[in-house]
Amino acid sequence: MDFSATRGLTLHSHTGVAYRFDPGALCLELLTTGGPGPYRRYEVLHQPADLGAWADRSRLTPTPVLEISEAEVADARRLRHALFQAVLAHTRGEPHAPGDVEVINEAAARPPLAPAIGPGGQQQWTGTTSGTHLLATVARDAVELLTGPFAHRIRTCAAEDCHLVYVDASRPGRRAGAPWSTAATATRYGRCAPATPRKDAGRLNEAGPLVLWWGVLPAEALALTGVLCRTCGTRRRRAPARRVAQARRRAR
């Protein structure tokens, strides 16, 4: 589990807008590929090539060359389902379901991807790498996250209709309490950075987006009422004016 890795994933909102999201852990990156229940509509793991494409986009460095079977794709969905349930239960302060823990532990007990030093001094993966090795690596990352020092920093996006999960690795560990975050924080710590309409929106330069103190506000967002989550594209409750003013003073 490497919080310093900031590659992030390129995701798309329901309006088709692309954005970068870094959840802070490999196991949480897997949760962006779909999930149980209502998250099935986001399913992208249908065949071996899909799981390989996710590994290529993930924070794994270098990207492993994998031999993946159809059965291992089904195993990936099963592990993701268990991870989703366990992580959401964790954020709610509820105990992990024994069945979910069993699935995670079973995957973690298998041989993971094994790093080695290559001929040129670079890191590489040794031996033949399969989907099972990949899932074991993801499961071990989950065990480390859920039992490690950052377990209490696992958060879900504060937007009402956004369910992205991330690790708050900021120093104070209070990012989840705010209904917004700075653009830098959103990139580094997996936050959904909001874009808030402003009263002086009429001064927007029509040639491009407005650069605000917390990041870049798309022109189309200015027409919205309430607060737009730049990550998921959903509405959020407006932050109290007092908190916005305080944040502006701190940003100066």
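Kirkwood analysis of the range 1-122, using all unique Cα-Cα pairs, places the hydrodynamic radius at 15.8 Å. Here the 3J(HN,Hα) profile of the range 60-66, calculated from phi with Karplus coefficients 6.51, -1.76 and 1.60 at θ = phi - 60°, is 5, 9, x, 5, x, 8, 10 Hz, Gly and Pro shown as x. Extension gain for E43-A89 works out to 14.5 nm (0.36 nm per residue, less the C-alpha to C-alpha distance).
At full extension, H14 and A109 could sit 30.5 nm farther apart than now, given 0.36 nm per residue minus the alpha carbon distance.
Are there any trypsin sites (Lys or Arg not before Pro) in the range 60-136 that are in a DSSP loop and have at most 11 other Cβ atoms within 10 Å? List them by number.
Numbers: sites: R77, R78, R80, R92; in loops: R92.
Those that pass, being in a loop and sparsely packed, are R92.
Peptides 101-113, 8-20, 135-147 ordered by packing proxy, namely the average of other Cβ atoms within 10 Å per residue, highest first: 135-147, 101-113, 8-20.
For the range 1-99, applying the loop criterion from DSSP together with a ceiling of 15 other beta carbons within 10 Å to the GluC sites (Glu not before Pro) yields E43. Considering only Cα atoms, the convex hull volume of the range 93-175 works out to 159 Å³ per residue.
None of the figures in this text is laboratory data; all of them are computed from the coordinates on show. Values in this document were obtained by computation on a predicted structure and should not be read as measured data. Neighbour counts are summed over all protein chains in view; Cβ atoms, including those assigned to glycine, are modelled from backbone coordinates with ideal geometry.
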